[in-house]
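Scroll down for the structure; my scribbles are underneath it.
The values are calculated or read from the model by the stated rules, or taken from the named source; none is laboratory data. It should be emphasised that the depicted structure is a prediction, and the values quoted were computed from it without experimental measurement. In this analysis, Cβ positions are derived from the backbone assuming ideal geometry, glycine residues included, and neighbour counts consider all displayed protein chains. We work out accessible area using only protein heavy atoms, side chains counted, and drop any ligands, DNA or RNA first. Shrake-Rupley method; radii C 1.70, N 1.55, O 1.52, S 1.80 Å.
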Amino acid sequence: MPILTLTTDFGLKDGFVGVMKGVIWGICPEARIADLSHSVAPQNVLEGAFVLARACPFFPPGTVHLAVVDPGVGTERRPLAARLGDHFFVGPDNGLFTPVIEATERKGGALDFVHLTNPRYWLPDVSRTFHGRDLFAPVAAHLAGGVPLAELGPAITDPVRIPLPHPEKTASGWNAHVTGVDSFGNLTTDLPASALERRERVLFRLLGREVRGLVDSYGHEQPGALVALADSQGFVEIAAVNGSAAQLLGAQAGDVVEVLISG
Amino acid sequence: MPILTLTTDFGLKDGFVGVMKGVIWGICPEARIADLSHSVAPQNVLEGAFVLARACPFFPPGTVHLAVVDPGVGTERRPLAARLGDHFFVGPDNGLFTPVIEATERKGGALDFVHLTNPRYWLPDVSRTFHGRDLFAPVAAHLAGGVPLAELGPAITDPVRIPLPHPEKTASGWNAHVTGVDSFGNLTTDLPASALERRERVLFRLLGREVRGLVDSYGHEQPGALVALADSQGFVEIAAVNGSAAQLLGAQAGDVVEVLISG
Amino acid sequence: MPILTLTTDFGLKDGFVGVMKGVIWGICPEARIADLSHSVAPQNVLEGAFVLARACPFFPPGTVHLAVVDPGVGTERRPLAARLGDHFFVGPDNGLFTPVIEATERKGGALDFVHLTNPRYWLPDVSRTFHGRDLFAPVAAHLAGGVPLAELGPAITDPVRIPLPHPEKTASGWNAHVTGVDSFGNLTTDLPASALERRERVLFRLLGREVRGLVDSYGHEQPGALVALADSQGFVEIAAVNGSAAQLLGAQAGDVVEVLISG
């Protein structure tokens with residue numbers, strides 16, 4: 001039972017996502033398709049990369065992940081497919097897969113990349129502005145249906161990578177970064193919670209406010225309180241209980257979080 | 001062909017919903033999954049409860065309904081599964097299933113509840129902040145795949161219930177309540193249309209405006225007119241023809257609707 | 001493997017879309033269902049018609065397209081099903097299918113229409129306000145499951161058509177029209193790119209701004225630049241590179257685009 005996921009910045013109002021499903025089912029009728037997000041900020045490759053990297057490990061081996069955040073559509077940027085560990089990935093070669101590539105490297109998984117050049121696996125007519133529909137969706141459907149990666153084009157070894165935020169060690173702790181704002185207004189950061197061994201002795205400073213210690217979960221403080229906790233990916237998250245930390249603080253991706261660890 | 005539904009306050013931008021589908025298909029690959037809503041207002045248990053209760057009766061027997069509006073995630077609140085009539089329900093024990101429980105009681109259907117304590121049916125690692133992915137989704141998938149309810153944990157008989165709005169009888173009619181605002185701006189109420197036998201003799205007053213009588217459908221008045229009619233659930237609804245009654249009136253859930261019935 | 005698509009103005013927050021899937025799977029459990037859009041502006045039949053017409057050609061033969069933008073629900077407007085070419089369509093008879101009908105006529109495809117009058121293929125109780133759930137969804141599911149069109153009601157030959165925008169020839173070129181704004185803020189128009197043979201000699205004027213020539217794709221100009229190009233349907237599109245042309249220009253559907261072709 002082939003499974004595909006879709007991650008795009010297409011929005012849900014124009015039918016752009018639905019039309020890709022039509023193309024996929026025309027090629028691989030038995031495919032199950034899960035939407036990860038279609039509300040990635042337009043052309044924000046890094047945001048799309050994080051959405052995909054956080055969700056994909058929870059899918060079964062063999063899943064094909066189709067991701068299209070593609071400001072360079074119709075230019076020289078290469079169309080790409082890859083096997084990273086036991087999952088497949090299809091999309092533009094613009095760094096969108098960097099976090100998954102790095103995670104696969106850390107785990108010692110297999111990494112194979114191909115440049116999509118074989119038009120046999122595309123729609124007959126390929127527009128200049130919608131490769132999601134005309135090129136990536138058919139390739140993903142063929143992969144899901146069992147076409148070998150090597151059939152799709154020649155192997156390459158230099159996929160584009162984008163710089164990812166990483167926390168910096170300081171004399172008194174870390175400088176971490178807000179990596180995103182979820183729909184509850186919780187702030188994700190790039191600091192693994194495992195970096196903070198003695199959790200009561202930590203102080204977070206961002207945007208003029210301080211948060212002391214790590215709590216176990218939202219419900220352990222009063223509504224409105226600003227708290228820090230380990231998020232569902234194992235990273236430190238700043239949240240306002242039953243509220244929006246992003247609104248309360250005026251925070252956004254890229255903001256620095258000073259992390260001070262005392263004796 | 002197992003069917004699951006999903007109702008959450010997760011939004012659609014972060015991949016939280018998609019990741020639950022990955023978990024479900026990893027356990028029950030043949031499952032069909034229908035999204036009911038992921039735009040429940042954050043932590044609004046009552047709103048989520050109504051969305052679920054209105055939609056679930058239209059699904060086939062055996063459907064598993066997964067609902068997660070869960071301000072108490074990671075605290076002592078119990079995780080729950082239930083058989084209510086011929087459907088299954090999985091989610092936090094915080095009142096989210098109250099309208100379905102009451103409807104099942106009115107119909108004399110079976111009601112069985114279990115406290116989810118058997119980790120065999122969860123993901124190996126359960127985070128403190130995302131039980132939707134780590135606990136409820138796997139349990140729902142196992143139920144859909146045929147695991148008996150009793151396998152999931154011990155029976156309980158005291159699920160949390162939340163107070164639901166009900167209309168109050170007055171000397172001249174009813175005091176009803178706005179129970180929600182749909183995406184057209186129509187106002188749903190808690191007054192069954194069947195309570196109004198002689199429909200031409202009724203007057204609705206809310207927020208300084210009056211609406212006289214019940215019409216059969218939107219198209220029977222001019223665009224912009226404020227009308228009352230029986231909604232698709234059999235309750236009285238206040239609507240602005242081809243417009244938004246909520247905007248026109250500044251109405252919101254909880255507002256009182258005076259219902260005056262004349263001789 | 002039957003495939004259905006859904007196009008509505010129902011929004012995604014109230015469960016109206018999910019409940020239709022419950023009805024469909026109750027009748028045709030093996031159906032695959034693709035959402036095209038549920039964010040059509042309320043009661044905007046023309047916008048829904050374009051979303052459907054642009055997406056449906058990319059679905060396999062036999063697909064059943066269910067579309068409900070239905071300001072006249074519960075009035076005398078007829079419920080309709082049709083075979084247009086090798087696809088099926090179900091929805092209100094209010095012009096929603098006009099672009100598909102015209103496209104089918106241009107290609108010389110088959111056109112068969114029936115007035116949905118046979119309640120055997122509806123839910124037992126049909127509300128006055130939600131034919132999407134009670135009448136159109138069950139009919140679409142039965143069609144997907146193999147019930148012949150002629151079973152559903154008597155043939156008709158006069159489906160409602162709405163006027164569609166078309167570009168007007170002028171002395172110096174064309175007066176085209178903005179037909180929509182996609183979620184990127186790109187402006188679609190009604191002018192086929194094939195009408196502009198010598199693409200360097202064309203000048204577009206709208207809302208006080210000028211755009212010279214047609215580019216191949218977004219990535220061929222600097223971010224922020226206003227460009228014209230052929231969209232993925234073969235029509236002229238006005239876009240702001242990595243930005244929103246709609247915001248930049250204050251443009252909306254219906255605005256005139258002067259197209260000047262020089263010697």
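The table below gives the values:
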item	result
Residue list for the stretch C:21-37, restricted to those being more than 8 Å from chain B (Cβ to nearest Cβ) and either among the hydroxyl-bearing types (S, T, Y) or open to solvent by less than 10 Å² (accessible area, probe 1.4 Å) (or both)	C:I24, C:C28, C:A31, C:A34, C:L36, C:S37
Of all residues making up the stretch C:192-240, the number that are aliphatic (A, V, I, L, M), more than 24 Å from the chain's Cα centre (by Cα) and within 14 Å of chain A (Cβ to nearest Cβ)	4
Filter pass, A:L116 being farther than 26 Å from A:I261 by Cβ and more than 14 Å from chain B (Cβ to nearest Cβ)	yes
Residue ID - surrounded by the fewest Cβ atoms within 10 Å (Cβ to Cβ), chosen from residues in the stretch B:249-263 that are more than 22 Å from the chain's Cα centre (by Cα) and touching a residue at least 60 places away in the same chain (Cβ under 8 Å)	B:G263
Tabulated pairs, the stretch B:113-137, first of a type in the set (F, W, Y), second buried (at least 16 other Cβ atoms within 10 Å of the Cβ) and assigned to a loop (DSSP other than H, G, I, E, B), C-beta under 6 angstrom, 6+ apart or interchain	B:F113/B:P159; B:F130/A:S232
Some residue of the stretch B:236-248 being open to solvent by 30 Å² or more (accessible area, probe 1.4 Å), part of a strand (DSSP E or B) and not β-branched (V, I, T)	no
Count - residues of the stretch C:72-129 that are in a strand (DSSP E or B) and of a type outside the set (A, V, I, L, M)	10
Filter result (facing chain B (nearest Cβ under 9 Å) and either of a type outside the set (G, A, S) or farther than 20 Å from A:V17 by Cβ (or both)) within the stretch C:1-14	C:D9, C:F10, C:L12, C:K13, C:D14
Condition check for B:D86: at the interface with another protein chain (Cβ under 9 Å from one of its Cβ atoms), surrounded by fewer than 24 Cβ atoms within 10 Å (Cβ to Cβ) and in contact with a Gly (Cβ under 7 Å, 6 or more places away or on another chain)	no
Filter pass, A:H142 being away from every other protein chain (no Cβ under 14 Å), open to solvent by 30 Å² or more (accessible area, probe 1.4 Å) and closer than 21 Å to A:L4 by Cα	yes
Subset of the stretch A:20-71 (residues that are part of a strand (DSSP E or B) and touching a residue at least 40 places away in the same chain (Cβ under 8 Å))	A:V64, A:H65, A:L66, A:A67, A:V68
Unmet requirement for B:V100, which otherwise passes all of (1) within 19 Å of B:L149 (Cβ to Cβ); (2) open to solvent by 20 Å² or more (accessible area, probe 1.4 Å)	(2)
Residue satisfying condition, being surrounded by fewer than 20 Cβ atoms within 10 Å (Cβ to Cβ) and either within 17 Å of A:A31 (Cα to Cα) or at pLDDT below 95 (or both), within set A:D112, A:D125	A:D125
Top-ranked residue of the stretch B:61-83 - restricted to ones that are over 25 Å from A:A225 (Cβ atoms) and over 17 Å from the mean Cα position of the chain (by Cα), ranked as nearest to the other protein chains (Cβ to nearest Cβ)	B:P61
Wholly within the stretch C:150-226, strands (runs of 3 or more DSSP E) carrying at least 2 residues that are open to solvent by 60 Å² or more (accessible area, probe 1.4 Å)	C:209-212
